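A.B. asks: Sharing a structure below in structure tokens format, with a few things to ask.
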Amino acid sequence: MDHDIFWSSDHPGIDFTVTSPGGNVIQSLKGTSGDKFEFKATQSGIHKFCFHNPFSTPETVSFYVHVGHIPNEHDLAKDEHLDPINVKIAELREALESIITEQKYLKARDARHRHTNESTRKRVVVYTLLEYILFVTTSILQVVYIRRLFSKSFAYNRV
Amino acid sequence: MIIIPIIRFNHKPLLHLSLLILVLFSSSIESLRFELQSGHTKCISEDIKSNSMTVGKYTVINPNEGYPLPDSHRFTVRVTSSHGNNFHYGDRVQSGQFAFVAAESGDYMTCFWAVDNKPPVTLTIDLEWKTGVAAKDWSNVAKKGQVDVMELEIKKLQDTVASIHDEMFYLREREEEMQELNRTTDSRMFWLSLLSLFVCLSVAGLQLWHLKSFFEKKKLI
């Protein structure tokens with residue numbers, strides 16, 4: 001059974017593990033922010049998909065698991081009662097589901113990019129305004145300092 | 001009657017997550033099984049288009065088969081939209097279901113709060129949330145029109161294709177919005193750096209002018 005999985009989170013650092021019903025670890029990722037992969041299930045049963053967040057900041061993880069159900073070619077060939085149209089319909093459904101999987105992945109990436117762009121935009125404005133304030137503050141401090149250098153109370157001791 | 005060999009393998013993934021899970025399926029059937037400790041909260045979120053049907057079913061998995069489910073294994077569930085409207089609320093329940101037509105487009109969140117038990121228990125909750133094509137009651141459609149199985153399957157495929165098409169339009173719109181956003185960010189950056197240059201020069205000029213007049217006042221120049 002083919003499984004298509006993709007997941008993504010906001011910041012890198014999420015650990016992800018896929019465990020088969022027998023206890024074997026099929027896939028393990030540490031400290032990443034997303035991945036897309038597929039695997040064939042060797043055993044049937046409950047597979048575990050575990051996300052672990054080692055940091056204290058809460059994270060939002062988006063994931064999608066697609067289970068393929070390609071009818072077994074061997075069984076189909078045996079059963080003569082099966083209408084070839086039904087086989088084609090099954091294949092069509094599989095193809096459509098894989099299109100849906102890709103689309104969901106694109107949607108997730110788009111959402112991620114949008115988020116990055118919006119935060120960049122905000123940061124640009126904030127940092128530039130901070131920069132202006134810093135300019136003005138520094139220059140005022142400079143002027144004040146120079147004035148104090150030349151003020152009466154200093155004059156006798158320094159300049 | 002020909003039976004279509006599409007085997008819906010009932011695949012139940014089990015997840016363990018820090019806080020929030022966002023699930024992206026919009027036209028598929030999958031049941032999600034996750035663990036919830038007493039007193040903790042887990043939220044599952046899904047992006048639903050407006051005017052699409054969504055159906056959800058949730059239940060606690062009995063850890064001991066054959067014995068009745070302990071009464072202390074209860075949880076509170078709430079389904080809210082991204083605007084804050086409440087669509088379903090279940091207080092201290094062990095199972096239930098909800099169905100509604102999404103009035104607004106956006107992220108819908110189903111949050112589970114496990115009841116705080118004195119010896120902390122870990123509940124295993126099974127959630128089945130279907131939207132879009134999968135949420136439609138196909139057995140009713142089959143009964144109404146007396147369609148045969150193959151026609152039903154093809155109808156399903158047609159609906160799926162229509163939803164894929166709609167998604168494509170949505171993605172196209174989003175891409176356009178993002179392009180616009182990037183363009184305005186770029187022009188904004190340009191003007192802001194030009195402005196910063198102007199600010200720098202004007203501040204320097206003001207400094208010089210001020211110090212010059214100060215020194216002239218002090219009769220040092």
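A.B. asks: Give the accessible area for B:THR41 in Å² (nearest 10); use a 1.4 Å probe, count only protein heavy atoms, and leave out ligands, DNA and RNA.
C.D. replies: Only protein atoms counted, so the area is about 50 Å².
A.B. asks: How far is helix A:84-149 tilted off the main Cα axis of chain A, in degrees rounded to 10, range 0 to 90?
C.D. replies: The helix A:84-149 is inclined about 10 degrees to chain A.
A.B. asks: Right, next: Within 10 Å of each Cβ of A:96-103, how many other protein chain Cβ atoms are there on average? Could the numbers behind the result be given before it?
C.D. replies: On the way: counts 8, 3, 0, 5, 10, 3, 1, 9.
Across A:96-103, the average partner-chain Cβ count within 10 Å equals 5.
A.B. asks: Still on this structure: Treating the Cα atoms of segment B:122-221 as identical point scatterers in vacuum, please give the log10 of the normalised Debye intensity I(q)/I(0) at q = 0.10, 0.15, 0.19, 0.21 Å⁻¹, two decimals.
C.D. replies: Log10 of I(q)/I(0), two decimals: -0.64, -0.87, -1.01, -1.07.
A.B. asks: PRE reach from B:SER196 (point 7 Å along Cα→Cβ): which of segment A:108-122 fall under 18 Å by backbone N?
C.D. replies: Taking a point 7 Å out along Cα→Cβ of B:SER196, the residues of segment A:108-122 whose backbone N falls under 18 Å are A:119-122.
A.B. asks: A further question follows. Would you mind giving the total buried accessible surface between chains A and B, with a 1.4 Å probe and ligands, DNA and RNA left out, rounded to the nearest 100 Å²?
C.D. replies: Chain pair A/B: roughly 6100 Å² of buried accessible area.
A.B. asks: Can you give the FRET efficiency for A:LYS36 and B:THR124, using 1/(1 + (r/R0)^6), R0 = 35 Å, r = Cβ-Cβ distance, to the nearest 0.05?
C.D. replies: Using R0 = 35 Å, I get an efficiency of 0.80.
A.B. asks: Next question, about the same structure. When the convex hull of the Cα atoms of segment B:88-150 is projected onto a plane and the area is averaged over all directions, what value comes out in nm²?
C.D. replies: Orientation-averaged projected area of the Cα hull: 6.9 nm².
A.B. asks: Per the Cauchy relation, a quarter of the hull surface: what is the mean projected area of the convex hull of the alpha carbons in segment B:32-147, in nm²?
C.D. replies: For segment B:32-147, averaging the hull's shadow over all directions gives 8.7 nm².
A.B. asks: Here is a follow-up. Taking 51 Å as R0, compute the FRET efficiency from the Cβ-Cβ separation of A:ARG112 and B:LYS219 and round it to 0.05.
C.D. replies: Efficiency for this residue pair is about 0.20.
A.B. asks: Run the simple label-point estimate for B:PHE169 and B:LEU208 please: 7 Å along Cα→C-beta, distance reported in nm.
C.D. replies: For the pair B:PHE169/B:LEU208, the computed spacing is 6.2 nm.
A.B. asks: If we count every other residue with Cβ under 11 angstrom of B:GLY106's Cβ, Lys/Arg +1 and Asp/Glu -1, where does the sum land?
C.D. replies: Value of the local net charge: -3.
A.B. asks: Using the basic label-point model (7 angstrom from Cα toward the beta carbon), what is the A:HIS52 to B:LYS155 distance in nanometres?
C.D. replies: Spacing of the two 7 Å Cα→Cβ label points: 4.9 nm.
A.B. asks: Additional query: Ignore the peptide's own chain and count Cβ atoms of other chains within 10 Å of each Cβ in A:114-124; give me the average, rounded. Spell out each step's value before the answer.
C.D. replies: Details: counts 5, 0, 0, 6, 3, 0, 4, 7, 1, 0, 6.
Mean shielding by partner chains, rounded to a whole number: 3.
A.B. asks: For the protein assembly as shown, what is one quarter of the convex hull surface built on the Cα atoms, given in nm²?
C.D. replies: 30.3
A.B. asks: So with the 1.4 Å probe, I'd like the accessible area per residue for the protein assembly as shown, rounded to whole Å².
C.D. replies: Each residue of the protein assembly as shown exposes 59 Å² on average to a 1.4 Å probe.
A.B. asks: Here is a follow-up. Stretch B:ALA99-B:ASP116 to full length: gain in nm at 0.36 nm per residue minus the Cα-Cα span?
C.D. replies: 3.4 nm
A.B. asks: Semi-axes, largest first, in whole Å: what does sqrt of 5 times each Cα gyration tensor eigenvalue give for chain A?
C.D. replies: Ellipsoid half-lengths, sorted descending, are 64, 19, 8 Å.
A.B. asks: Round to the nearest 10 and report in Å² the accessible area of A:THR120, as given by a 1.4 Å probe over the protein chains' heavy atoms.
C.D. replies: My reading of the accessible area for A:THR120 is about 50 Å².
A.B. asks: For an R0 of 35 angstrom, estimate the FRET efficiency from the Cβ-Cβ distance between B:ARG33 and B:GLU176 and round to the nearest 0.05. It would help to have the intermediate numbers written out before the result.
C.D. replies: Working: r = 39 Å, r/R0 = 1.11.
According to the calculation, E is roughly 0.35.
A.B. asks: For B:SER196, what accessible area in Å² do you get when you roll a 1.4 Å probe over the heavy atoms of the protein chains, rounding to the nearest 10?
C.D. replies: Its accessible surface works out to 20 Å², give or take rounding.
A.B. asks: Calculate log10 I(q)/I(0) of segment B:169-220 for q = 0.29 Å⁻¹, where I(q) comes from the Debye formula with a single equal point scatterer on each Cα and nothing for solvent.
C.D. replies: Here the Debye-derived log intensity ratios amount to -0.96.
A.B. asks: Heavy atoms only, 1.4 Å probe, whole protein assembly: order B:TRP113, B:TRP138 by accessible area, highest first. Please list the in-between numbers first.
C.D. replies: On the way: B:TRP113 100, B:TRP138 30 Å².
Largest accessible area first, the list is B:TRP113, B:TRP138.
A.B. asks: Follow-up question, since we're still on this one. In deg cm²/dmol, rounded to 500, what helix-only [θ] at 222 nm does the protein assembly as shown give when every DSSP H run of at least 4 residues adds -39500 (n - 2.57) and the total is split over its residues?
C.D. replies: For the protein assembly as shown, the value works out to -14500 deg cm²/dmol.
A.B. asks: Continuing with this model, one more query. From largest accessible area down, sort B:GLU104, B:GLU65, B:GLU173, B:GLU153; use a 1.4 Å probe on the protein chains.
C.D. replies: The ranking, largest first, comes out as B:GLU65, B:GLU173, B:GLU104, B:GLU153.
A.B. asks: Now, a different point. Could you order B:ASP159, B:ASP116 so the one with the most accessible surface comes first? Probe is 1.4 Å.
C.D. replies: Working: B:ASP159 45, B:ASP116 105 Å².
From most exposed to least exposed: B:ASP116, B:ASP159.
A.B. asks: Looking only at other chains, what is the average number of their beta-carbon atoms within 10 angstrom of each beta-carbon in A:55-67?
C.D. replies: 6
A.B. asks: Ignoring ligands, DNA and RNA, what percent of the accessible area of the protein assembly as shown is carbon or sulfur (1.4 Å)?
C.D. replies: 58
The values are calculated or read from the model by the stated rules, or taken from the named source; none is laboratory data. Note that the coordinates shown come from a computational prediction; the quantities given were computed from them, not determined experimentally. Using ideal geometry, Cβ is built from the backbone for each residue, glycine included, and neighbour counts are taken over all protein chains shown. The protein model used for the area step is the full one, side chains on, heavy atoms only, and it has no ligands, DNA or RNA in it. Shrake-Rupley method; radii C 1.70, N 1.55, O 1.52, S 1.80 Å.
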